[in-house]
Amino acid sequence: MHRIVVEPPKPGVRLIEDDEPIPGPDELLIETLEVGIDGTDLEIARGEYGAAPKGEPFLTLGHEALGRVLEAPDDSAIRRGELVTPTVRRGCDLCLPCKSGQSDFCFTGLYRERGINGLHGFNSERWMETEEYLVPVESGLREVAVLTEPLSVVVKALDQLLKIQERLPWKETGDLAEKKSLVAGSGSLGLLATFLLRVEGAEVLTMDRQADDAVKSQLIERLGAHHLNAREVDPLTLARDFDGFDIIVEATGAPQIPFHLLPGLGDNGIMVLLGVPGKKMSIEVDAALIVREMVLSNQVVFGTVNSNASHFRRAHGDLTKILARYPTEIRQFISHRQSWREFEVVFGGQRKDVIKDVLVWAE
Ligand code: BGC
Ligand code: ZN
């Protein structure tokens, strides 16, 4: 059986062939249909992140997957032939969140993540998983279901954000409708946040460093959001026009950006950090200004990572809404679909106009 592997912390990605997996008594055998590639995969491929399973040299890459059940135990609620989307994190089994299906809030840090940290991912022809980590998806979502995992991360972020904002008398508009939102970054998470905020009726500005005629910029405009080229427009001037943003979603992973954007946050505003910075970086900030504004304006900044099965189920619901409202755009979001045999193209470095790469393992 083929699988795409890395050998952390060495850079480089390659294909290996090894034995067929043999499912344990409570495991389902899954045939891989599609695997999405994101910034985390590229980081692991560069040797900057990730860890192989204990005692093994290789890590199978891939954590955004859509599969089809080939074999299931007799007592499994998920049956042969069903489509499934696997969650990423496997809990520590020690802390309360992990014991209650919320390993995305693990306290001990002893969790593992498939395709990222200590467990093989999904870029192989087949893999195994127990039922609790598989979220079935209806066949109507077949074309876009590979987006479940990255969307679930955004679903969790916005869910947390709304929970925190329950502190406000937002009741008459107790949701995202008409909220003035700034999304920084047009990677998978930034764009999916743009889709979701637009579906929920928010006013959205999505900022990146792309020209206005770039593929991503045009996609953003077609969602009824506004594209902003950070090389040309000062977001703070815009924030002033907006009278301060209600919501800022940071999805660039560049650690200075949240500090630059904070003055754009409005009264009672909230900023959610999704991007994970890599390299060390120091900047000079006006700490007094930041702290004063945060206190005097009741502002919140919070980080969020990963997602659990409940977010996957909601992501399926949101994918249905997105498909209904933006059928062309969500399909265009998956800009490149290619056979797993072409994996070197995907990991080979910068290419123009890639929005989302998906490796196809089976039809
Ligand atoms: C994945 C998350 C994971 C995070 C940190 C992201 O790319 O989508 O599920 O928790 O990386 O490893
Ligand atoms: Zn835990």
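The values are calculated or read from the model by the stated rules, or taken from the named source; none is laboratory data. All values derive from a computational prediction rather than experimental measurement. Heads up, the Cβs are rebuilt from the backbone with ideal geometry, glycines too, and the neighbour counts pull from every protein chain shown. Protein only, heavy atoms only, side chains kept; ligands, DNA and RNA dropped before computing areas. Shrake-Rupley method; radii C 1.70, N 1.55, O 1.52, S 1.80 Å.
Computed values, structure above
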item: Selection count, region 1-17, where residues are surrounded by 12 or more Cβ atoms within 10 Å (Cβ to Cβ) and over 16 Å from residue 62 (Cβ atoms); result: 2
item: Out of 124, 139, sole residue that is over 18 Å from the mean Cα position of the chain (by Cα) and surrounded by fewer than 16 Cβ atoms within 10 Å (Cβ to Cβ); result: 139
item: Within region 268-295, tally of residues that are under 28 Å from the mean Cα position of the chain (by Cα) and closer than 22 Å to residue 160 by Cβ; result: 11
item: Qualifying residue in region 276-298 (condition: touching a strand residue (DSSP E or B) at 6+ places or on another chain (Cβ under 8 Å), in the same structural domain as residue 201 (by TED's automatic domain parsing) and among the polar types (S, T, N, Q)); result: yes
item: Selection within region 74-114 - open to solvent by less than 20 Å² (accessible area, probe 1.4 Å), more than 16 Å from ligand 2 (Cβ to nearest atom) and of a type outside the set (A, V, I, L, M, F, W, C); result: 76, 85, 86
item: Strands (runs of 3 or more DSSP E) enclosed by region 127-244 - at least 2 residues per element that are closer than 30 Å to residue 62 by Cα, touching a strand residue (DSSP E or B) at 6+ places or on another chain (Cβ under 8 Å) and at pLDDT 95 or above; result: 134-137, 180-184, 203-208
item: Near pairs, Cβ below 7 angstrom, 6+ apart or cross-chain, from region 99-114 (farther than 15 Å from residue 310 by Cα) to any residue that is within 10 Å of ligand 2 (Cβ to nearest atom) and among the aliphatic types (A, V, I, L, M); result: 108/94; 110/94
item: Of the criteria (1) in a loop (DSSP other than H, G, I, E, B); (2) not assigned by TED's automatic domain parsing to the domain that holds residue 206, which one residue 312 fails; result: (1)
item: Residue satisfying all of: in region 294-309; within 30 Å of residue 266 (Cβ to Cβ) and in a helix (DSSP H, G or I); nearest to ligand 1 (Cβ to nearest atom) among these; result: 294
